[in-house]
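Visitor: Would you mind keeping the following structure in view while I ask a few things?
Read the figures in this text as sums done on the coordinates, not as results from a lab. Predicted, not measured: the structure shown is a model, and the values here were computed from it. Backbone-built Cβ (ideal geometry, glycine too); neighbour counts: all protein chains shown.
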Amino acid sequence: MFGYVRPPLDQLPEEERERFRRLYCGLCHTLRRRCGLPARFILNYDFAFLAILLSGGEEPETLCARCVASPVKKRTYCGGNPALDLAADESVILAYWQAKDGVADHGFRKGLKYRGVALALENSYRKAAAARPEFDRVTREQLKRLAAMEEAKVPSLDEPADAFAQLLAAAADEAEGEAHRRILRQMLYHLGRWVYLMDAADDLKEDAVSGNYNPLIYRYGLADGVWTPESRASFTQTVDHSIRLLATAYELWDFGCWAPILESTVYAGLFQVGKAVLSGTYRAERPARKKDRNVEETT
């Protein structure tokens, strides 16, 4: 996905930061084991959040090993389990079809990087799609629906955001337990809606210049890519409402050891990212500090 769903690591106790790092590293190991070396390069915060949601209330077994990112010093990481396997497969399917979608959305020159990603993930995608054919079908179906709306330049936020939300909600369909699945579907639906709208806001100025479809341009008439006070206030209300609905679903389930990380993400991290995107200060990779290195740089 896009890397917007991140916990405020600097606000978490060291124990919780380390738990998140182990899960992050565990997903990286699982991606490589199940889908091959290229798959580990799609790893980001969004997929780690998905893995946490699917992992239930207990942390998987802790293992220790060297890896490409840490060839000298052994690092602890979460060992593989069915939830991590599911998150890894679905992450690869999402990343592959997003790359294919990027090829379709850009011209030959700008689309080269997307072609490169899709080509690199081809074998990984085939393995993941064979393991999760239904999620692959839903992903293709919803992205096709989204592409049709983009071509028609639909002047709505809800319709295209719903397509991506339905896609992400389907990631919960193989979770264990009917009640758990229903709650995860609600959480992932509202998260998917928020992610789609955040990406639209993040790309607003670039899309205004390039002419690429952006629902914000047509919904609010922002041909120059600049927010008006009224449009910004309306959009903020819309995306914050998605977070609140996500939080409502979150409160219905006990996420055990993952609760501190999930709570900090839902109640603080998403609002912080949204504020940064709208103010133009968001960066996909936040700078590492000596005392609090970015997890993505340590795995």
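Visitor: How big is the dipole moment of the chain about its Cα centre under a simple scheme where the beta carbon of each Lys and Arg is +1, that of each Asp and Glu is -1, and everything else is neutral? Debye, nearest 20, please. Don't skip to the answer; put the middle values down first.
Guide: Values: 41 positive and 42 negative charges, 252 e Å.
Once rounded to the nearest 20, the dipole reads 1220 debye.
Visitor: I would also like to ask the following. So how do Cys257, Cys28 line up by other beta-carbon neighbours within 10 Å, fewest first? Show your work: numbers first, answer last.
Guide: Values: Cys257 15, Cys28 25.
Sorted ascending by nearby Cβ count, the order is Cys257, Cys28.
Visitor: Please state the shape class of segment 122-281: rounded when a/c is under 1.5, otherwise prolate if a/b exceeds b/c and oblate if not, all from the C-alpha gyration tensor.
Guide: oblate
Visitor: Something else: Figure the gain on full extension for Glu151 and Asp10 (residue separation times 0.36 nm, minus the Cα-Cα span) and round it to one decimal in nm.
Guide: On the way: separation 141, 0.36 × 141 = 50.76 nm, distance 4.15 nm.
Full-extension gain reported as 46.6 nm.
Visitor: Just report the Cα centroid separation between segment 11-68 and segment 142-198, whole Å.
Guide: Using only Cα atoms to place each centre, the spacing works out to 23 Å.
Visitor: Place a label point 7 angstrom from the Cα of Glu18 along the Cα-to-Cβ direction, then list the residues of segment 248-282 whose backbone nitrogen is under 18 Å away.
Guide: Under cut-off, by backbone N: 257-261.
Visitor: Find the Cα radius of gyration of segment 1-86, compare it with 2.2 N^0.38 Å by division, and give the number to two decimals.
Guide: On the way: Rg = 12.4 Å, N = 86, 2.2 N^0.38 = 12.0 Å.
Relative to the rule-of-thumb radius for its length, segment 1-86 sits at 1.03.
Visitor: Around Gly192, what is the net charge, scoring Lys/Arg as +1 and Asp/Glu as -1 over all other residues with Cβ under 12 Å from its Cβ?
Guide: Details: positive: Arg185, Arg193; negative: Asp46, Asp162, Asp199.
Residues close to Gly192 contribute a combined charge of -1.
Visitor: Using 0.36 nm per residue of separation minus the Cα-Cα distance, give me the extension gain between Glu61 and Arg33 in nm, one decimal. Before the final figure, lay out the partial values.
Guide: On the way: separation 28, 0.36 × 28 = 10.08 nm, distance 1.63 nm.
Between Glu61 and Arg33, full extension yields an extra 8.5 nm.
Visitor: May I pose another question? Could you run the Karplus curve 6.51 cos²θ - 1.76 cosθ + 1.60 with θ = phi - 60° over segment 270-280 and give me ³J(HN,Hα) per residue in whole Hz, x for Gly and Pro?
Guide: Going residue by residue, I get 5, 5, 5, 5, x, 5, 5, 4, 5, 8, x Hz, with x marking Gly and Pro.
Visitor: To the nearest 500 deg cm²/dmol, what mean residue ellipticity at 222 nm is calculated for the chain from DSSP H runs of n ≥ 4 alone, each contributing -39,500 (n - 2.57), summed and divided by the residues?
Guide: Working: 12 runs with 184 residues, N = 299.
Rounded to the nearest 500, it is -20000 deg cm²/dmol.
Visitor: How much FRET efficiency would the formula 1/(1 + (r/R0)^6) give for Leu112 and Ala179, where r is the Cβ-Cβ distance and R0 is 41 Å, rounded to 0.05?
Guide: Working: r = 46 Å, r/R0 = 1.12.
E between Leu112 and Ala179, to the nearest 0.05, is 0.35.
Visitor: What angle do you read, to the nearest 10 degrees and between 0 and 90, between the alpha-carbon axis of helix 229-250 and the longest principal axis of the chain?
Guide: 30
Visitor: From the Cα gyration tensor of segment 58-194, with a ≥ b ≥ c the square roots of its eigenvalues, which class applies: rounded if a/c is under 1.5, or else prolate if a/b is larger than b/c, or else oblate? Numbers along the way, then the final one.
Guide: Details: a/c = 2.31, a/b = 1.31, b/c = 1.76.
Note, shape of segment 58-194 comes out oblate.
Visitor: So what is log10(I(q)/I(0)) for the chain at q = 0.12, 0.15 1/Å, when the Debye sum runs over its Cα atoms only?
Guide: Reported log10 I(q)/I(0), two decimals: -0.78, -1.27.
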